[in-house]
Structure formats: C-alpha cells, structure tokens
Amino acid sequence: MKYSEHVYERPDFEKVAKSIGDVTQKLKDAATKEDFFAAVGEFDEIIREVDFQGFLAGTRYYHDASDAKIAEEFQYILTKTEEMDMSEYNNAILESPFRKDYIEKYGDFSIKKLEADNKLNAAGTEEMMREQELIVEYQRMKPNLDYEFRGEKISIGKLSVLTDSTDRETRIEATNSVNKAFVDKKDEIAKIIDEFIKLRDTYAKKNGFENFLDYVNIKKGRFAYGQKDIIKYCELVKKELLPVLVAVRHKLKKELGLEEYSIYDSGIMPENKMVEIDYDYEEIYNRVQKMFDDVDPEFGNFLREMNEIGYLDLAPSPNKSSGFAFTIYDYLNKMPFIFANGESTPHSACDLAHEFGHCLQHRYSELNLGLLSLGEMTQDLMEIPSKFNELLFHNYAEQFFGDKADCYKEQHLITFLSEIVLFCMYAEAENYLYTHVDASYEERVAAIEKIKEEYNEGYDVKVSQHSKDGVWLLDNMLVLTMPGYAVSYSFGNLASVHLASIYNSNKEEGLALYKKVCSLGGSRDYFSGMELVGMIPAFDEAAVKAVREYFIKALKVEV
Ligand SMILES: [Zn+2]
C-alpha cells in the first residue's frame, strides 16, 4: 500500500493497555513453548499497530512542522507511548519456564534488555513524558526562529546552504546569522536546556541510578561498559586521531591560502577542489538507485520498492522539521521511510546512501528476528551499516561528481575523520552536563568551551562572541534531544572503515559480512555483535591505530 493511502487514526491507549494485559496473562498461562511464542507474537502485533500510528503522525509532522494539529497529535502519541507500562509483560517473560527458549531464539542480550527496561522505567514516568514534550518543543523551534541574511528574512534550509559557501564572507555572515537567531533566544532556550538536564537527572535517580549518564548507557544497551570507558575512548581518540585532524587543518589552511584559519572554514575546500551538483533530489535518487542496483540487486530492488510506495520523502521544503536526513520505521508494513530535506548538494546524495544503510539493517533484522523490540540495532552498532554506505558511495563517486570524484572523496574523508574525533567532544560535553546538574547556564557554556578548546587545535580563531554566548549548546539537537547518541557515530565510523577495507579487497566477502552486521538487529550488544562478525571493537587501541594509519595515508598528511 502506498504511503499516501494510509489513514491516521489516534490509537485508543486504554484499549491497548487492556490488550497488553490480556496477552501478558496468556504468557503467564502458557503451557507449551508454542503457546508462549504465540503470545510473544501477539504482543508484537499489538505494539506494531500502535507504533504505526506514531509513524504516520511522526512522518506527517516532520513533513510539515508548521501544521499545529499534527504536531499536537504526534506529541500526544509520544507522551502516551512513554506512559505505557511494559513491566508486567517483561516480568512474564523473565519469570516464565520458557525463558531459556526465549534466550535460545533471541539471544541472552534480549533478556538483559527486558531486565534493564524494567529497571529504567520503574519510576519517573511524569518526567519522561515531559521530556518528550520538550523534545518536540525544541525541534519545532529551529525552523521557526527569525533568520535574517543581508537584511532579508530567509529559511534555515537556504541559510544552511550558505554556511558552506565558497565565498568566505558569505559563509561567515550566514553562520553568524544562524548563530544570532539562537543567541537572540538564549534565555528561552537556556531554560529548556536546564529543564532537560534536571528532568533526566531526576528520573535517573528515581530509578536508582547515580546519574543520567549511567541511566542512558544502560538504556543504550551498554551493559558491558559505561561512561568511564567512553571517556577513556575519547582520550584515545584525542591521542591518536586528533593530531591527524589538526594536520588536515594545517594542510587546508595552506591550500586555501588563508592567513587565518577559523572554525568558519571547516568543511571548506580550495576552490579547485569544490564539488557542486547541478541536479535535484529526484536525480540524486536515480543515481543512488543505480548505485545500489550495482552493489547488490537485492538492495536495489528494496530501494525501488520504497520509492514506488512513497516511502522516500526527499523534496526540499521550508516547512520540513529539519535539515537532517533520518530514517523512521513502519514496523506494521515492515518498511523503512527516509525523511530528508533534499537540497542539491553532494551531502544530500551521500545522506541518502547513509539512510539507506539504516533501511537495509531494518530489512535484514526483520528477516532474521521478526520482533519489533529487536528491530533496531544496539546503539553502538547502529551507525555501522549507514556509515559503511557512505564509504561505499566513494566507489560510485564518479557517477555523481564526474571528474571531481576524487575531490569529493577527500572532502568526505575529512568529514568522516572529523566525526570520529568531534563526536567524542560531544560525549565529553554530555559528561559535564549530567555530572554538574546544578551548574548555571554560564558555567555550562564555560565548561563546554574548555572541552572544545582542545578539539579546536589547528584553528587560529577558536572562540567567537557567539560561542562565548553558548551557541554550540543552544543549537545542538543531537546533544539535547538524543543524549548518549553522539559517541555511536564515532564507533560507527571507526568500524565502517574496517568493513569497507574488507569489502574493497573482496566484494563478496565484504557484502556477506555487511549483511551479517545488518541482521544483528537488537539481539546483540556491541562487543558480542562485533565479535560475531569478526571485527575489533573501537575501545581497542589497535582498532584506533589502524584507522589512524588509514587516514594518514588516504588524506596524505604528515603527523
Ligand atoms: Zn545514521
């Protein structure tokens, strides 16, 4: 069925709660393994139905964030879903005589997840519901701020493109006007940030955790490691990979012929290396389609199917909720949906390939496990399939950028390396925020600036007035609405460099391994997932050092 034919209907949450109660009873009463798994399947179907309405409300809201009615509906679903109590159902599995059969079918980790789920949601529902409200409130803000560029009102979509302009004055002015829009609303946003931090701290403590970081790490399936290990990983990255990034900054400064290399210039390549495209999102899709047809017909057919049923929402629009691309899952029809604000940039093309990695993961995990609760990969594995696709995209760069393919690859690899390094900075910032809950806004900004300073080595001008005003924090969707997430990108990039090198030396072997990674779904944690597919985890010094050598060679820098 096509996306446009689906009709949204507000779920009756009371009825849902009753159905879950009934199915929980069936679990408890199950006399045979078959009865037990039938009840598990029934529960899964109930959840898929509710989730589907959330999917419809969400995709419609993201498509047009100015539609207040659908925004309200989406918010309603988010808070109601947060309110749903699964503990009885979880306990029925945990205490069942068929527990070992469940483990045999879905893995030991899936049982630990159920236990964790109970621990995470024993208390603090009110705060969690409020957090969902705040997330929507914060997300709605960005497209609705007052952006002005050279005296005229402008949408954030258009302004974002200008921040990467080849003309230095233009990009500085554009960046400053984005920053100004945020700083102008500083007091209002700082209040939201403060509420975010305190709410999270409160419900973490109510559930028996020392702080929100310990809470969020368990929520993200980080059972075998925690905050200390993440910070240790950040230190390793700073030691091994930050110097490579700094060398890249020095090299770019020289190539750009700049006397002063500043943060405005990050992501900018010398004019002769700049890559632009002159085709729109439809043509971007066509080329990405061709790419995946070539990688594997199975992949190509899947993407085509998504397009045919309208599950690609790529057309640029000022009303879209975000400039970012992301994937949302329709668990009822077992189809992923890609949302993007497809400007005509090389970035948009790469984004589509990236998001399709999430889609492939979804598809293979559904085939392998067939449970909504295991459909999504464990946090720290989640970005491997998508980031791998970005590197796969290099093999097809000529079909997108012609004789500028090598320039594209260089620029993208710099971004790739920057992400590995800078998402550690995000992790360190989060580390401060949730261990200093009562800090004032000014203290928060000062601490983050201090963390940033180390990571900003290689820039001549590190701090602007806007950064002193805290714009990094004010305009940080990732840190504010997806806590605990950032470092996963760092892990994902690292692992995908490894995976891509296997693919490039032996396509068949690489492809088989890729499908294996995609099939893992939520059945494995990071370590056992990596082990199963024969890859080294990011915490290992050897993994980080190997990636260091890769970037030094690929980016032709001396460190
Ligand atoms: Zn992603």
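Just so you know, all these numbers are worked out from the coordinates, no wet-lab data involved. None of the values given here were measured: they were computed from a predicted structure. Don't worry about glycine lacking a Cβ; one is built from the backbone with ideal geometry, like all the others, and counts go over all protein chains shown.
Here region 352-372 is scanned for amide nitrogen atoms under 18 Å from the site 7 Å beyond the Cα of residue 101 along Cα-to-Cβ, giving 370-371.
Taking the Cα centre of the chain as origin and assigning +1 to Lys and Arg Cβ atoms and -1 to Asp and Glu Cβ atoms, the resulting dipole is close to 900 debye. Compared with the alpha-carbon gap, the fully stretched path from residue 532 to residue 282 is longer by 86.2 nm at 0.36 nm per residue. Of the residues 247, 337, 386, the one whose Cα sits farthest towards the positive end of the charge dipole of the chain is 247 (charges of +1 on Lys and Arg Cβ, -1 on Asp and Glu Cβ, taken about the Cα centre).
Taking θ as phi - 60° and the Karplus parameters 6.51, -1.76 and 1.60, the scalar couplings of region 321-330 work out to 5, 7, x, 7, 9, 7, 10, 10, 9, 9 Hz in sequence order, x denoting glycine and proline. Taking Cβ separations below 4.7 Å as the criterion for a possible disulfide partner, the isolated cysteines in the chain are 350, 359, 407, 518. Model label sites at residue 206 and residue 559, defined 7 Å from Cα along the beta-carbon direction, differ in position by 4.5 nm. With both labels modelled 7 Å from their Cα along Cα-to-Cβ, the residue 15 to residue 304 distance reads 3.9 nm. Computed over the Cα atoms of region 3-120, what is the convex hull's projected area averaged over all directions, in nm²? Its average projected convex-hull area is 8.4 nm².
Remark on residue 335: its backbone amide H falls under 5 Å from those of 330, a criterion applied only to residues 5 or more positions apart or on other chains, H modelled at 1.01 Å from N.
Restricting the trypsin sites (Lys or Arg not before Pro) of region 117-206 to loop positions (DSSP other than H, G, I, E, B) with no more than 13 neighbouring Cβ atoms within 10 Å leaves 150.
The stretch between residue 463 and residue 137, if pulled fully straight at 0.36 nm per residue, gains 114.5 nm over its current Cα-Cα span. Relative to the dominant Cα principal axis of the chain, helix 384-394 is inclined by about 40°.
In region 376-512, the alpha-carbon atoms span a convex hull of 142 Å³ per residue. Shown here are the Rg and Dmax of the Cα trace of region 84-137, at 14.2, 45 Å. Counting only alpha carbon atoms, the long axis of helix 108-120 and the longest principal axis of the chain meet at about 90°. In units of the compact-protein estimate 2.2 N^0.38 Å, the chain shows a Cα radius of gyration of 0.96. Each stretch of four or more DSSP H residues adds -39500 (n - 2.57); spread over every residue of the chain, this sum gives -21500 deg cm²/dmol at 222 nm. For region 470-559, the set of GluC sites (Glu not before Pro) satisfying both a DSSP loop assignment and a count of at most 13 other C-beta atoms within 10 Å is given as 558. Against the main long axis of the alpha-carbon atoms of the chain, helix 405-435 sits at an angle near 60°.
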